[in-house]
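What follows is one structure encoded as structure tokens, with my remarks underneath.
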Amino acid sequence: MRLAGLIKQSLLRVNKTRCRLYATSVDSEALALDTREYLDFKKQLRQHNVFNKDGYTCLQLECRLCERYNNNNHQFQPAAASTARAQGPQAYINKRTGAFICPQCDVKTTLSQAIAAYQAPAPIGYRRAPIQNIDYTSRFPNLVDVTPEACEALGIKGLKEAQLNAIGAKYDAEQQLLHFELRNAAQHLVGEKVLHLEDRREETLQGSSCSGLLLHTGAGNKSKAVLVSNLIDYIVLATQNIETHCIICLPHALQQLPQECLPALERFKELVFWLHYDNTHSWDAARAFAQKMDEKRCLLIRPTETEPAPHVALRKRLNVRHILAKATPVRHKSITTFSALRNDILSELQNIEKVNGVKWKRFPVLNKLLKGHRKGELTILTGPTGSGKTTFTSEYSLDLAMQGVTTLWGSFEIRNTRLAATLLRQFVGYPLDDKLQEFDHWATEFERLPMYFMTFHGQQPLKPVLEAIEHAQYVHDIAHVIIDNLQFMMGVSSSHRGDKFWEQDAIIAAFRGFATKHNVHVTLVMHPRKERQEDELTTSSVFGTAKATQEADNVLIIQDKRLTAVRGKKYLQVAKNRYSGDLGIMPLEFDKDALSYAKRRRDKATPNDS
């Protein structure tokens, strides 16, 4: 019980960790933008001639939330026209989530809470938010200009220290790293990104509520930009003096693009993704980011041998400007010929391991059968009651999260505290009940995983669950959603009440559509039909109609024969595999101490071990 209490406290530290609980109503962020409220607000802005401008992802307007806006009587002083420039700090309203962000004042709230500041007269008792000055302090006090030694350690042929200094790089000789500043849309310093020269490891450090970009504009006011995922590619392109494009380095590589970064990208009419796909889960991140940035203005350089990442192109002496000119739209309005698909096919063939998906480290047999965990697919897991579906699914998802696959858990059957305790124990490899002095260490390590939890419990209707998932996918770039289990979403829908099979089919169709539309892998845990204990489960044993197994890309069945045979075993059966067609079984041997179905691993070193 004490361990469960500690885990609950750890999960609730939302300001200090990335492991966040989601609820149907969140105080700090709306789950989705209320379209009617948004349209009424825009109408109100036009009536009062308040500056506003529709952008690709945000509505830009003057900020009237903070005390910096000079209007002590809370009365409007209209601008000359709604198309005029903002008189005060410029704020941005995300057109998908309704988040109200002012980079100048460091104010972040929801549209519902911001509306009062734009009403005339202001509501009785209304007070503006105080200015939260952005005062980010660098964690590297010994920074100096880049030296020839730093250039040599970087290993980029022909690179001079003057070029690195010109793009804002600094050098820390003691820690052997290159340092760059991250700035928001108002050009305030909100964080820093460093490259460790010894092992090429990158690290991003930012404030608690802000997120910035590393942007090199060069000369002139450019309306096009190239987005790269690492500092090496940024350095290569920024020192090439490309006349037509700004160079932007994403803050968190291909793992996540915070919505706070979007205002800084509003001024660009064209964004070119030229990314380095260093691991499998980042293979199609460009498409996911393009959906967040408005696909119509996004272009993509497909990774082929003749069009590699920028630092590889430089090493091979390829012309980076020629490669940049070959960028093609992320979204095709219509594809009617093979030639339109030719580059995509070549890219997949040359990067077949990345197309296969993220490999499990704990379950090599699954890699052999399924080839990997891919975005855009629907997986159904079923098995008898008490067979360990939730325990297996938690380890299955933990393995992927430890490799950077951003995961959202929806556990309707067991509470998040118990689920998190299981995940933590699987992560550590042994129980912490008698080693509570180690809890803080392992909890801090676990909090670094890109894993989020929904706070729904018990029966829930489909609509709020899907809204929460869509919000999490947009804000946190979720790549894997687990629903445990589907039956808890049935029986509460008024439109299908009384017909559980139609209701289940509608839920399956909704998750299938979500997986395809948002390119997210969805894993659904489902109970089987009532079968005789001695009979093996099959795809037809999944509860409901055949639609569930027809829509699924993968069907995994836990077969438990321990109660029906003297030498009965438990194993996972791959009963359907749409990607490669390979079927087979994976033995499941349970390690009670680690709550693990993986082959027995060497225990992790405790924090006190040397």
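Around residue 148, under 13 Å between beta carbons, what's the net of Lys plus Arg minus Asp minus Glu among the other residues?
Summing Lys and Arg as +1 and Asp and Glu as -1 gives -3.
If you take the square roots of the eigenvalues of the alpha-carbon gyration tensor of segment 158-255 and sort them as a ≥ b ≥ c, do you get rounded (a/c under 1.5), prolate (a/b over b/c) or oblate?
The shape class here is oblate.
Output the relative contact order of segment 156-243, whole-number percent, from Cα pairs under 8 angstrom with separation of 6+ residues.
22 percent
In square angstrom, rounded to the nearest 10, how much accessible surface does residue 321 have for a 1.4 Å probe?
90 Å²
Could you check the spin-label model distance between residue 113 and residue 174? Points 7 Å from the Cα along Cα→Cβ, value in nm.
Roughly 3.9 nm, to one decimal.
If the limit is 18 Å between Cα atoms, which of 463/530; 170/193; 42/95; 435/599; 224/326 go over it?
Distance filter (> 18 Å) returns 463/530; 435/599.
DSSP beta bridges in segment 121-278, what fraction antiparallel, as a percent rounded to 5?
For segment 121-278, the DSSP antiparallel bridge percentage is about 70.
Let me make sure I get this right: for segment 222-290, a, b and c are the square roots of the gyration tensor eigenvalues over alpha carbons, sorted descending. Under 1.5 in a/c it's rounded, otherwise prolate if a/b > b/c, else oblate. Which is it?
oblate
With label points built 7 Å along Cα→Cβ from the Cα atoms of residue 546 and residue 296, find their separation and express it in nm.
4.3 nm
So if we plug the beta-carbon distance of residue 582 and residue 517 into 1/(1 + (r/R0)^6) with R0 = 35 Å, what FRET efficiency do we get, rounded to 0.05?
Computed FRET efficiency for residue 582 and residue 517: 0.80.
As an exercise, identify the GluC sites (Glu not before Pro) in segment 225-275 lying in DSSP coil whose Cβ has no more than 14 other Cβ atoms within 10 Å.
Loop-located and lightly packed - 243.
Which trypsin sites (Lys or Arg not before Pro) in segment 176-241 sit in a loop by DSSP (not H, G, I, E or B) and have at most 12 other Cβ atoms within 10 Å of their own Cβ?
The qualifying sites are 200, 201.
Enumerate by residue number the trypsin sites (Lys or Arg not before Pro) in segment 359-402 meeting two conditions: DSSP loop (anything except H, G, I, E, B), and at most 14 other Cβ atoms within 10 Å of the site's Cβ.
Hits after loop and neighbour filter: 361.
The values are calculated or read from the model by the stated rules, or taken from the named source; none is laboratory data. As the structure is a computational prediction, the values presented were derived from the model and not from experiment. Cβ coordinates were reconstructed from backbone atoms using ideal geometry, including for glycine residues, and neighbour counts include every protein chain displayed. The area values use the complete protein model at the heavy-atom level, side chains included, leaving out ligands, DNA and RNA. Shrake-Rupley method; radii C 1.70, N 1.55, O 1.52, S 1.80 Å.
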